[in-house]
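Notes follow once the structure below has been shown.
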Amino acid sequence: MRDDGTGLDDGTGLDDRARLDNATGSDDGTGSDDGTRLDGRVAPFWPRRSPHFLQVRTALRGAVQRWRDEHGGNKHWADKHGTDERWAEEHGGAKFVIAVSGGPDSLALAAAAAAEKLPAHVVSIDHGLQDGSRAVSEGAIGQVGQWGLSGQVISVRVVGEPLEAAARHARYQALGDLAGDRPILLAHTGDDQAETLLLGLLRGKASAMGEVSDYQGHTLLRPLLGIRRAHTVGACRELGVAAWNDPHNTDEAFRRVAIRRQVLPLLDQIIGGDATAPLVRAAELLRQDDDYLHTLTPKLERSTAATEQCTEPATQPAEPSTQPATKPSTEPATQQPPALEIAELGPPPLARRAIANFLQQHGARVSASTLEASIAFIHDWHGQGAVSVGNGLELARQAGKLVLLHSSLGDDSQPSASST
């Protein structure tokens, strides 16, 4: 048995080749009708011939290995999570949290985690947006329980518009509150990556999901970005699992669904082949470029010293402006709002990334218009007013800094730029 502090264990007694044999169809004649093997071990819950499930398992193993090489080998992290006995007792000794909706992608990911003996706790978020949503979440937790994983349902309240973004924010917030420093595994596939790229381009900001990313200080791990949705659907079919089909996934009023059902099939016809594959490759190249530029981005710790005193946005007056001033602070003068030093932000390509990171870390929303208005604070400053960044927050220029404030107008549902 290998104990590396990350939970990617070999506690089954099988080496990698034997594991893959069980997934791909090696028939050793040891199976029995009662679910056990003649050697006394419990038989796998997956069929011997399961090529789609193999793809999901392989993707998970690779992603966790890469994450372990980068982070899991850190003794501080391993010690912290190895000694958190109370959390471990309550969540089955888990070192990872898996988000499961009941759909084929997340169920396939959870099944792969169970097959790989990954110590994970499964969470299904009930958004309460559809009749019977609680039953769907409970059914998903019941299914993963049959695979030996602990799990629970968490109900959240979705507030604000657009609905997709508000639901995602509520979901990630609940997952982060539970997981703490533990990585949260999400089941986005290459198809999701292609859709995300197209959506970003239509907003004027090319973007791609990373295998590892940060959301308000929580680690998000997406092991399945390198495989296609056909593999997760196929894996569920191989496992005999009836995955839930979210009605929202066929509602073309949602832009992502319209892209999936209208735009991508049309692109397939235009190029006479699979348009998703080159989009996934382009997204990966974009992500690599973005990752490199992020290494050049000023460290937020250097430019946000005020956040050490106050991690929540405060209400403070902005620099003199042609717009109505923000409501003065009622907090002690020593409590400063989160801020970025303008002098340290660098040229626009780096400044955009620093500002986007800053906004995301503090619960604000990021859009192309928000970032361009923020850049104007730096390179085209003429006293313009604060920029609404959603969730009741706004960004203003104050004393040579970009400062995150509570909006005097209340809880804005959508980010926008004030007129200049």
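Just so it is clear, none of the values below were taken in a lab; they were calculated from the coordinates. What you see is a predicted model, and the numbers here were worked out from it, not measured in a lab. Backbone-built Cβ (ideal geometry, glycine too); neighbour counts: all protein chains shown.
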Given H placed 1.01 Å from N in the peptide plane, which residues other than close sequence neighbours of Ser155 have an amide H under 5 Å from its amide H?
-> Asp126
Please list 337-349, 283-295, 150-162 highest first by mean number of surrounding beta-carbon atoms within 10 Å per residue.
-> 337-349, 150-162, 283-295
Summed residue charge, Cβ within 12 Å of Gln55's Cβ, Lys/Arg positive, Asp/Glu negative = +3
